[in-house]
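Shown next, in C-alpha cells, is the structure this report addresses.
Readers should treat all values here as calculations from the given coordinates under stated rules, not as data from a laboratory. All values reported here derive from a predicted model rather than from experimental measurement. Quick reminder, even Gly has a Cβ in these numbers, built from the backbone with ideal geometry, and neighbours come from all protein chains shown.
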Amino acid sequence: MSTNTEKIKELVSKREEARLGGGEKRIDAQHQKGKLTARERIQLLLDEDSFEEYDMFVTHRTFSFGLDKLKYYSDGVVTGRGTIDGRVVYIFSQDFTVFGGSLSETFASKICKILDQAMKVGAPVIGLNDSGGARIQEGVRSLAGYAEIFQRNIMASGVVPQISAIFGPCAGGAVYSPALTDFIMMTEETSYMFVTGPKVVQTVTGEVISTEDLGGANVHATKSGVSHFLAENEEEGILLIRKLMSYLPQNNLEDPPEIECNDPIDRLEDQLNEIIPDNPNKPYNVKEIIRAVVDYGEFMEVQRNYAKNIVIGFARFNGKPVGIIANQPMYLAGVLDIDASRKAARFVRFCDAFNIPLVTMVDVPGFLPGSSQEYGGIILHGAKLLFAYGEATVPKITITLRKSYGGAHDVMSCKQLRGDLNYAWPTAEIAVMGAKGAIEVLEGKKIATIEDQEEKEKYITEKEQEYLEEFANPYQAAKYGFIDDIIEPRNTRFRIIRALETLASKKEFNPAKKHNNIPL
Ligand code: HXC
C-alpha cells in the first residue's frame, strides 16, 4: 500500500471516529430518549449531500479532572455550512453524546467561526441546541466562550436571520444565545429552557416545580412567549425550520425569496362580504380572513399559542413573502394588552429589519384597561408596538376590518405612522372610543338627572345610536384622507397585491443615529 493510500485510509478512519461523537453507547442512549444525534439532525435539516463540516478534528485543551485522557473529535459541537432549498446556511449542532453537549472554550470558538463567516458571506445561522451548559471542568473559560458567542449574536442581529432549535436541555446563561436570535423552536417533552433549574428554585424560594412546568416547550409556547414554534417531535421541528427559511432573505440587504404563484391575484372571496357579524360585539376568526386572501391559504403562524388576541405570521401574496399582524376578535375581543403588544412589536421589527412588507388587519376595541396592565407597564409595552410601526420603512398596508378605537387605532399602523396604503372595509368603525363609553363621558351628568329608569334607558339608547351613526363607520376617517380607500371585502386580495406591487420600489429612510431608544 502506498503512503498516500495509507494517509487517505487514516483520514477516513479519523472521520469515522469523529462521526461517532461520544460513542455508540451514548448514541443509543440519545435515541432511547426519543432524540436524534447532532449529525442526524443536520442531515435532516439540510439539502442532501450539501453539508460541509468545519473543525471536525478540533479537541479541547483541558488537562484537569483527567480530561487530558478524554478527548473526542469535534469536542461536542458539529459545525459547518450547507444549503436549504439551494440557499446557503451556516449551522451548529450541539452533540449531547460528548460531555453532555457542554460548552468548552474550543466548542465556543467553533461556533464563533461559523457566525463570523456567516456575517461575511451574508447567510443565515441555525443553531441546534442540546447541551448541559458550561463545561464544568473548564470554569471561566467556558463562561468567556458563551460571551464570545453572545457578542456575535448581537452583532449579527438584524444583519442575517438567526434561528434556534432547542432539542434538549438549555439552561443557565446558555439560554441567552437563543434568546438573542430571531426565532426559537422547541420540541414537546424533550426540550427545556430556564435560567435556574428546579433544584435551585426549590433551594432559593421553596417552590417545588418540575422541569417541564418550569421551562418545558408548552410553558414557553403559552405562558412566557419565549418560543415561537412548538413541534411535536424533532422531525416536525426541522420541517418547520425549513419552511420558516422559505420566507426569509439571506440578509438585510436582500429581498425575501419570491416563488412562482398560480393562485389568481384577482380571486374574489364572496364570503368575506358577509364575514363581519351584524352585532359588533360578536366575534369571528380573523385567521379565516387571512387564509382567504393569501396565496393558497398558506399562513405560517408565529407564537400561535401565546397572546392569542393578536395573530402574527408569514404568508405570501403573488409569491412574495409578507408579515401579517391581525387583531383576533375571538380572544379578549382582540384587545391590545402587554403580551400582545410585545409579541407584535418584535415581529414588526424583525420584518422591517429583513425587508419583509407588513400587512396589518385591524379590529381592535382598544387597550385592555385595569391595574394589572398599568402596573405591568402597558404604557411602555404598548409604546413598543407604536415605536415598531413608526420606525418601520418597509411597505406597510393596513386594512381596517371593523373596530379601530382610541390609542389602539393609532398604534395599529395608522396613516400618520407612515402607513403607505390604509384601506377600510365598509364595516369599519374608526373613532376615539366606543358608543357606550363616549355617551357616559359626554352625557353622564345629564343622564344622572333623569329619574325615570325607562326614560333614562331610552335617552341613552338614542344618544348611542346618534353616536354610532356619526362615528361608527369609515367615512369620517376617509373624509380626512386617513383612510385611502374603502374597499369591498371580497376584493381584498387583489387590492393588497396591487398595493404591494406598487410599493415594491418604495424607499424611505430614518435619520442617521447610533441607535434608537425603543421603550424596553
Ligand atoms: C461537563 C457534563 C455537563 C457539564 C453533563 N455533562 N453536563 N460535563 N459539564 N455541564 C456530562 C455528564 O457528566 C455525563 O457524562 C454526560 O454529560 C451526560 O449527562 P447525564 O447527567 O448522564 O445526562 P442526563 O441524565 O440526561 O442529564 C442531563 C443534564 C445533567 C440535566 C443536562 O447532565 C445536568 O444537570 N448537567 C449539569 C447542568 C449544569 O448545571 N450546567 C452548568 C449550568 S451553568 P458521562 O461521561 O457520564 O456520559 C451554565 C452557565 C452558563 O451553564 C453561563 C453562560 C453565561
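Here are the numbers for the structure shown:
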quantity: Extension gain, Arg61 back to Asp49 (0.36 nm per residue minus Cα-Cα distance, nm); calculated: 1.2 nm
quantity: Interchain or long-range residues, amide H under 5 Å from Ile310's placed H; calculated: Gln328
quantity: Cα pair distances of the stretch 132-175 binned at 10 Å [whole percent]; calculated: 24, 49, 25, 2
quantity: Distance between the stretch 109-150 and the stretch 209-278 - C-alpha centres, whole angstrom; calculated: 27
quantity: Tilt relative to the chain, helix 234-245 - C-alpha long axis, 0 to 90 degrees, to 10; calculated: 60
quantity: Extension reserve of the Ser372-Lys445 stretch, reckoned as 0.36 nm per residue once the Cα distance is removed; calculated: 23.3 nm
quantity: Residue-averaged [θ]222 nm for the chain, counting only DSSP H segments that reach four residues, each worth -39500 (n - 2.57); calculated: -11500 deg cm²/dmol
quantity: Mean Cβ count within 10 Å, highest first, over the residues of peptides 238-247, 193-202; calculated: 238-247, 193-202
quantity: Stokes-Einstein D for the stretch 297-337, Kirkwood Rh over Cα pairs, 4 °C, 1.567 mPa s (µm²/s); calculated: 121
quantity: For Tyr54, residues with placed amide H under 5 Å, excluding near neighbours; calculated: Thr79, Gly80, Arg81
quantity: Residues in the stretch 150-165 that a label on Asn510 would reach, taking backbone N under 17 Å of a point 7 Å out along Cα→Cβ; calculated: 155-160
quantity: 3J(HN,Hα) from dihedral phi, the stretch 292-298, Karplus parametrisation 6.51/-1.76/1.60, rounded to Hz, x for glycine, proline; calculated: 6, 9, 7, 4, 6, x, 8
quantity: Base-10 log of normalised Debye intensity for the stretch 262-307 (one unit scatterer per alpha-carbon) at q = 0.13, 0.17, 0.21, 0.33 Å⁻¹; calculated: -0.39, -0.63, -0.85, -1.23
quantity: Cα-based shape type of the stretch 392-520, given that a ≥ b ≥ c are square roots of the gyration tensor eigenvalues and the cut on a/c is 1.5; calculated: oblate
quantity: Amide hydrogen neighbours beyond the local backbone of Thr393, cut-off 5 Å, H modeled; calculated: none
quantity: Order by protection proxy (mean Cβ within 10 Å, highest first), peptides 413-424, 61-72, 482-493; calculated: 413-424, 482-493, 61-72
quantity: Virtual paramagnetic centre 7 Å along Cα→Cβ of Leu503, amide N under 14 Å, in the stretch 368-404; calculated: 389-400
quantity: Phi-based couplings in Hz for the stretch 67-73 (Karplus 6.51, -1.76, 1.60; Gly and Pro marked x); calculated: 5, 4, 9, 10, 10, 10, 4
quantity: Angle between the chain longest axis and helix 3-19 axis [Cα atoms, degrees, rounded to 10]; calculated: 50
quantity: Residue order, fewest to most beta carbons within 10 Å, for Cys112, Cys170; calculated: Cys112, Cys170
quantity: For the stretch 187-306: rounded, prolate or oblate by the Cα gyration tensor [a/c cutoff 1.5]; calculated: oblate
quantity: Distant alpha-carbon pairs in the stretch 180-250 (separation over 18 angstrom), percent; calculated: 45
quantity: Fewest-first sequence of Glu440, Glu464, Glu429 by Cβ atoms within 10 Å of each Cβ; calculated: Glu440, Glu464, Glu429
quantity: Prolate/oblate/rounded call for the stretch 154-212, Cα gyration tensor, a/c under 1.5 rounded; calculated: oblate
quantity: Alpha-carbon Rg/Rh ratio, for the stretch 84-129, with Rh computed the Kirkwood way; calculated: 1.03
quantity: Spin-label pair Glu258/Thr196, simplified geometry with 7 Å Cα→Cβ offset, distance in nm; calculated: 5.3
quantity: Calculated SAXS-style log₁₀ I(q)/I(0) at q = 0.22 Å⁻¹ - the stretch 99-206, Debye, Cα scatterers; calculated: -1.22
quantity: Percentage, to the nearest whole number, of Cα pairs in the chain over 37 Å apart; calculated: 38
quantity: Normalised convex hull volume, the stretch 25-128, alpha-carbon set, Å³ per residue; calculated: 98
quantity: Vicinal HN-Hα couplings computed from phi for the stretch 348-360 (Karplus, 6.51 cos²θ - 1.76 cosθ + 1.60; Hz; Gly/Pro x); calculated: 4, 5, 4, 4, 5, 4, 10, 6, 9, x, 10, 10, 10
quantity: Folded to 0 to 90 degrees: helix 435-449 orientation relative to the chain principal axis, Cα; calculated: 40
quantity: Cβ crowding within 10 Å averaged over residues, with 293-301, 8-16 ranked highest first; calculated: 293-301, 8-16
quantity: Above-threshold pairs, the threshold being 26 Å between Cα atoms, out of Lys199/Lys223; Lys282/Lys396; Lys199/Lys243; Lys113/Lys384; Lys287/Lys403; calculated: Lys282/Lys396; Lys199/Lys243; Lys113/Lys384
quantity: Fewest-first sequence of Ile149, Ile289 by Cβ atoms within 10 Å of each Cβ; calculated: Ile149, Ile289
